[in-house]
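Engineer: Let me begin by handing over the structure; questions about it come next.
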Amino acid sequence: MDNLKIPATERSPDVDFDFAAGRLSLRGESYPEDASTVFGPIFAVLEPFLDNAENRDIRFDFELIYFNSSSAKALMNMFQMMENAAGRGVRLEVNWYFAPDDETMKEFGEDFAEDLKSVTFNLVATTPS
Amino acid sequence: MSSETGETGTAFNLFDAEERVLASATELEHRLADADPGIRQGVAALTEAYSRSVREQRRLVKVSDRLQHQLATLNQELGRRRAEAEEALDRLKEAQETLVQAEKLASLGALVGGVAHEINTPVGIALSCASHLADATSDLQRLFAADDIGIDDFERFLATAADTSRLIMANCERAADLIGSFKQVAVDRTSSERRRFDLAGSIAETLTSLTPRLRQEGHKVEIVCPPGIDVDGYPGALSQILVNLAMNSVTHGYDPGQAGIVRITAALTEDDMVRLVYSDDGKGIPEEHRNRIFDPFFTTRRGSGGTGLGLHIVYNLATGPLQGSLSLDNLPAQAGTRFTLIFPRQIARAP
Ligand SMILES: Nc1ncnc2c1ncn2[C@@H]1O[C@H](COP(=O)(O)OP(=O)(O)OP(=O)(O)O)[C@@H](O)[C@H]1O
Ligand SMILES: [Mg+2]
């Protein structure tokens, strides 16, 4: 499966999916005018990948600074997809990074974690640079 | 439930899961066609409520997205404006710096004018003495050539020669002294060199360079400063302060033709500070201007050459290089203008 690498723009995050290594990440901001421009390509590759990842170790890093409501909904859908995959035996670990002074981003992480039973979800405060 | 417009097949749909639930609910209703009407109605009501809730979610996401988009645009605009404002401020500071530099040059120009005027007098005297001596010498030469020289001719010549040469020497010395002190003032004024200097001497030298300008209008200068106050600091800054204050007295303090007295009183305080009081007996500064005179560009003579930087520079020199303070004293109206400058006799190591 081809890796997916999309550099960040002013309103969309950096996407780096290394499927061979099992390491995926989303970093930056996400407030596109149309959520499908950012999340369409992501779902298009993520879904078939998770369908065939039984017994693999996958790590997904989220380091988001800001996202809008449709991005939040898309993330929720993404976590639901991961939860289903984890239920089928994909070993999934999610790291949710937030700046220590960003309560909102931390709370978003806690909200998402609530619906996850089979995915390992870690809340990680980033060290201020 | 209508499918997302423009999206086909497996295209990305934010509410994919919800739509699938709705689809199966509709199918459930079909399968319940023969069930108890109460159950059918209940399920239909639930489906309807869920469908409305999903519609509402879509609407909220859309509205919220739009608001967040506007916010982001506004933030960008704000950032751009702030950058612009900062840039404008930088440019303003640069312009101000240039003006300060220009003001320095202008006051140096005034100094050079003063120097020329002041040196003219002794040089003029020396020149007329020299020509007088030359005349007397050629007279004597003529008498000598005609072998008609008398003892009293010779004595008169000797007296003239002694007088004129004494005057020539005295005036040349005066000119040399003036040049020396102007040189010091000019160097101090253009450089920001720190050195030890005699307070009384420095004040006198600076005021001397201004005498032609002050004398033109008939103003008198009084300096009271004990000798031997040895200051370690920036004589150039002090000199520029005094020049600015004095020029202000001349331009703002008096009407044309009105003569006044400018006083400078300096002394050492108990805690080794220099306390210098500058005053004139002119019109004074009206109450409503008093807290603005140190602001850059505040001037009451905008039309006639004032930049309003003079006192701003004075204030910066007093609080900067001199590490002291400057205040305008509160005098009753019409009692003239008085400033008090206080600065350490010995400035701290790192200025
Ligand atoms: N000795 C004084 N008597 C009366 N008014 C004064 C005196 N000194 C300053 N002022 C007032 O304070 C104002 C500000 O003085 P400042 O030296 O900063 O500017 P300026 O003399 O007008 O212009 P510049 O010095 O830049 O040519 C003057 O315009 C004048 O109104
Ligand atoms: Mg002035």
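Engineer: For segment B:195-351, with equal point scatterers placed on the C-alpha atoms only and solvent neglected, what are the log10 I(q)/I(0) values from the Debye formula at q = 0.11, 0.15, 0.20 1/Å, to two decimals?
Structural biologist: Ignoring solvent entirely, the Cα scatterers give -0.42, -0.79, -1.38.
Engineer: Still on this structure: Can you give me the convex hull volume of the Cα atoms of segment B:13-125, divided per residue and expressed in Å³?
Structural biologist: Working: hull volume 9.2 nm³, N = 113.
Here the figure is 81 Å³ per residue.
Engineer: Tell me what chain B gives for mean residue ellipticity at 222 nm when only DSSP H runs of n ≥ 4 count, each as -39,500 (n - 2.57), the sum divided by the residue total, rounded to 500 deg cm²/dmol.
Structural biologist: Numbers: 6 runs with 207 residues, N = 351.
Result for chain B, helices only: -21500 deg cm²/dmol.
Engineer: For chain B, modelled as a GNM with alpha-carbon contacts under 10 angstrom, which of B:Glu86, B:Glu56, B:Glu287 fluctuates the most?
Structural biologist: Taking springs between Cα atoms under 10 Å, the residue moving most is B:Glu56.
Engineer: Moving to a separate point now. So if the hydrodynamic radius of segment B:260-320 is defined as the Kirkwood radius over C-alpha pairs, what does Stokes-Einstein give as its diffusion coefficient at 10 °C and 1.306 mPa s, in µm² per second?
Structural biologist: Numbers: Rh = 13.7 Å.
D, rounded to a whole number, is 116 µm²/s.
Engineer: So what J values fall out for segment B:32-38 if you push phi through Karplus, 6.51 cos²θ - 1.76 cosθ + 1.60 with θ = phi - 60°, rounded to Hz, Gly and Pro as x?
Structural biologist: Along segment B:32-38, the couplings run 8, 3, 9, 6, 4, x, x Hz.
Engineer: Find the all-direction average of the projected area of the Cα convex hull for the protein assembly as shown, expressing the result in square nanometres with one decimal place.
Structural biologist: Mean projected area of the Cα convex hull: 46.6 nm².
Engineer: Check B:Ile229: other-chain or 5+ apart residues with amide H under 5 Å from its amide H, H built from backbone geometry?
Structural biologist: Distant-sequence amide H within range of B:Ile229: B:Leu199, B:Ala200.
Engineer: Let me confirm the definition first: pairs of Lys residues in chain B, 8 or more apart or on different chains, C-alpha distance under 27 Å. How many are there? Show your work: numbers first, answer last.
Structural biologist: Values: B:Lys93/B:Lys104; B:Lys104/B:Lys183; B:Lys104/B:Lys220; B:Lys104/B:Lys283; B:Lys183/B:Lys220; B:Lys220/B:Lys283.
Taking chain B as the scope, the lysine pair count is 6.
Engineer: If you don't mind, another one. Could you please rank A:Ser25, B:Ser279, A:Ser70, placing first whichever residue has the fewest other Cβ atoms within 10 Å of its Cβ? All intermediate terms of the calculation are to be shown ahead of the outcome.
Structural biologist: Numbers: A:Ser25 17, B:Ser279 21, A:Ser70 24.
Result, fewest neighbours first: A:Ser25, B:Ser279, A:Ser70.
Engineer: Using the alpha-carbon centroid of each, what span in Å lies between segment B:41-72 and segment A:37-98?
Structural biologist: 23 Å
Engineer: Continuing with this model, one more query. At 10 °C and 1.306 mPa s, what whole-number value in µm²/s does Stokes-Einstein give for the translational diffusion of chain B, with Rh from the Kirkwood sum over Cα pairs? Working shown, then result.
Structural biologist: Numbers: Rh = 28.1 Å.
D, rounded to a whole number, is 57 µm²/s.
Engineer: Same structure again: Under 13 Å from the Cα of A:Lys73, which aspartates and glutamates turn up, not counting those fewer than eight places away in the same chain?
Structural biologist: A:Asp34, A:Asp111, B:Asp16, B:Glu18, B:Asp65
Engineer: When only Cα pairs under 8 Å and 6 or more residues apart are kept, what is the percent relative contact order across chain B? Spell out each step's value before the answer.
Structural biologist: On the way: 391 pairs, mean separation 41.9, N = 351.
Computed value for chain B: 12 percent relative contact order.
Engineer: Taking N as the number of residues in segment A:4-125, what value does Rg over Cα atoms divided by 2.2 N^0.38 Å take? Walk me through the intermediate numbers first.
Structural biologist: Values: Rg = 13.5 Å, N = 122, 2.2 N^0.38 = 13.7 Å.
With N residues counted in segment A:4-125, Rg over 2.2 N^0.38 Å equals 0.99.
Engineer: May I ask what percent, to the nearest 5, of DSSP beta bridges between residues of the protein assembly as shown are antiparallel? Provide the component values of the computation, followed by the final result.
Structural biologist: Numbers: 32 of 59 bridges.
Within the protein assembly as shown, antiparallel bridges account for around 55 percent of the total.
Each value in this text was obtained by applying a stated rule to the coordinates, not by laboratory testing. These figures come from a predicted structure and were not determined experimentally. Positions of Cβ are backbone-derived with ideal geometry, glycine not excepted, and every protein chain shown enters the neighbour counts.
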